[in-house]
Amino acid sequence: MSHSLIERIETIIVDLPTIRPHKLAMHTMQSQTLVIIRVRCADGIEGIGESTTIGGLAYGNESPESIKQNIDSHLAPLLIGQDAANINACMLRLDKAAKGNTFAKSGLESALLDAQGKRLGLPVSELLGGRVRDSLEVAWTLASGDTAKDIAEAEHMLEIRRHRIFKLKIGAGEVARDLRHVVAIKKALGDQASVRVDVNQAWEESVAIRACQVLGENGIDLIEQPISRINRAGQIRLNQRSPAPIMADESIESVEDAFSLAADGAASIFALKIAKNGGPRAVLRTAQIAEAAGIALYGGTMLEGSVGTLASAHAFVTLNRLTWGTELFGPLLLTEEIVTEAPVYRDFQLEVPRTPGIGLTLDEERLARFARK
Ligand code: MUC
Ligand code: MG
């Protein structure tokens, strides 16, 4: 009888303050809510994972509350009594019984990987086949909504050598104003920085055609999800016309989505997100599809806290080419930590721990303080 049987799964909703409001096309975040998952095994090992989204139901199909409920009522009972060391069998069991729910599955898969890493004394990156780097370039999102504030924030980040890639969240306002905002920031930063935009699906194709042209002509390096994920034909046309490369983000809600986008030629870059694929192992399947299709890679985020961020990072350090870097800055947007030692950001990079599992320990006192009552 295996000692690594799963005995207990706990889900905890945690509400944390952010350093400033974070303005996206569909929602302005005033705080962030994490779902922390603890998987307790018979051998005394506990794996931790995180399932986090943005703005309740504003961004994806799952909210923190639905993630917790679906794990507690449907997914956890399927795993209790199963062997935590067989992650394949555990995840197949979930996929067989539950459609979608990739955010919830991602947190569970992360926790199983963390537990197995701790059991074997290996970092998650090594369970995923081995890392080819120890750190990842990390972009910062400028999303205060104010041009002058965003320029000052970017200059500060360059000065302290924390970020040299900046992503601007646009699409909520009038297009001409958004374009002026982006061009002003690129002009102010010049060649010291890579400036990119994320429209979060807000434009219609008729608007995006001109806007992508202006962005490309003004030195913007990358345009993320300019139009709706539903408009596949429009995405294909834009990918052919835009002078700046188009990245698919919301268009990828599963590994199967990634395959059909690649087959259609609807983007030249994929944003990889563990939450949208069903975990750190699942996201690597999307990466393999992209690699085979000649599509470049970017390590995306759902603005997770430290646990979800490092779970993503362990997957991303195994990739051969991560041409567009990552945006794993979630912990830096939060004013409070729930782990004993925060991830280290240095010299434009996030360092990925070599300690067993994900490499983090929950701070019980802080977790209790910020857990939703
Ligand atoms: C998104 O759409 O990419 C990632 C960074 C950020 O500021 O928002 C997220 C979500
Ligand atoms: Mg995006």
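Values in this text are rule-based calculations from the coordinates and carry no lab data. Note that the structure is predicted; figures quoted are calculated from it, not measured. Ideal geometry is used to build each Cβ from the backbone, glycine not excepted, and the neighbour counts take in all protein chains shown.
Spin-label model, Ala263/Ser144: points 7 Å from Cα along the beta carbon direction are separated by 4.6 nm.
Spin-label model, Thr361/Asn61: points 7 Å from Cα along the beta carbon direction are separated by 3.9 nm. With the charge dipole of the chain set up from +1 on Lys and Arg Cβ and -1 on Asp and Glu Cβ about the Cα centre, the Cα lying farthest toward the positive end among the listed residues Gln240, Pro226, Gln288 is that of Gln240.
Which order do the peptides 176-185, 59-68 come out in when sorted by mean C-beta neighbours inside 10 angstrom, highest first? Write out the running numbers ahead of the final one.
Working: 176-185: 17.2, 59-68: 19.8.
Packing proxy ranking, top to bottom: 59-68, 176-185.
Classify region 44-134 from the C-alpha gyration tensor, please: rounded if a/c falls under 1.5, else prolate or oblate depending on whether a/b exceeds b/c. It would help to have the intermediate numbers written out before the result.
Working: a/c = 2.11, a/b = 1.40, b/c = 1.51.
Because a/c hits 1.5 or more and a/b fails to exceed b/c, region 44-134 counts as oblate.
Multiplying the residue separation of Leu5 and Arg346 by 0.36 nm and subtracting their alpha-carbon distance yields 118.9 nm. Over region 202-264, the hull volume per residue, using the convex hull of the C-alpha atoms, is 72 Å³.
Compute the relative contact order of region 127-351 as a whole-number percentage, counting only Cα pairs closer than 8 Å that sit 6 or more residues apart in sequence. Don't skip to the answer; put the middle values down first.
Values: 420 pairs, mean separation 49.2, N = 225.
Reported relative contact order: 22 percent.
Give me the dipole magnitude in Debye, nearest 20, for region 127-351 about the Cα centre, with unit charges on the beta carbon: positive for Lys and Arg, negative for Asp and Glu.
Details: 24 positive and 30 negative charges, 93 e Å.
Around 440 debye, computed over region 127-351.
Hey, with R₀ at 35 Å, roughly what FRET efficiency would Val132 and Arg210 work out to, going by the Cβ-Cβ distance, to 0.05? Once the sixth-power term is evaluated, E becomes 0.30. Full extension of the segment from Glu217 to Met26, taken as 0.36 nm per residue of separation minus the current Cα-Cα distance, would add 66.1 nm. Considering every alpha-carbon pair of region 113-192, the percent of pairs per 5 Å bin, from zero through the bin containing the longest distance, is 3, 13, 20, 15, 9, 8, 9, 9, 9, 5, 1, 0. Note on the chain: helix-only mean residue ellipticity at 222 nm, from DSSP H runs of 4+ residues weighted -39500 (n - 2.57) and normalised by residue number, equals -11500 deg cm²/dmol.
Legend: Rg and Dmax of region 245-373, from Cα coordinates, 15.6, 50 Å. The three principal axes of the Cα atoms in the chain give end-to-end lengths of 64, 41, 38 Å, sorted in falling order. Of the cross-linked pairs Lys99/Lys167; Lys23/Lys118; Lys68/Lys169; Lys118/Lys276, those separated by over 27 Å at the C-alpha level are Lys99/Lys167; Lys23/Lys118; Lys68/Lys169.
Highest mean packing comes first when the peptides 263-276, 307-320, 158-171 are listed by Cβ atoms within 10 Å, giving 307-320, 263-276, 158-171. Could you state the number of Å between the C-alpha centres of region 130-161 and region 29-44? For region 29-44 versus region 130-161, the Cα centre distance is 27 Å. Between the alpha-carbon centers of region 172-236 and region 301-373, tell me the distance in whole angstrom. If we compute the Cα centre of each part, the gap is 28 Å. Note on Gln192 and Thr18: their simple-model spin labels are 2.5 nm apart, each label 7 Å out from Cα toward Cβ. Taking the DSSP beta bridges with both ends in the chain, the antiparallel portion is around 55 percent.
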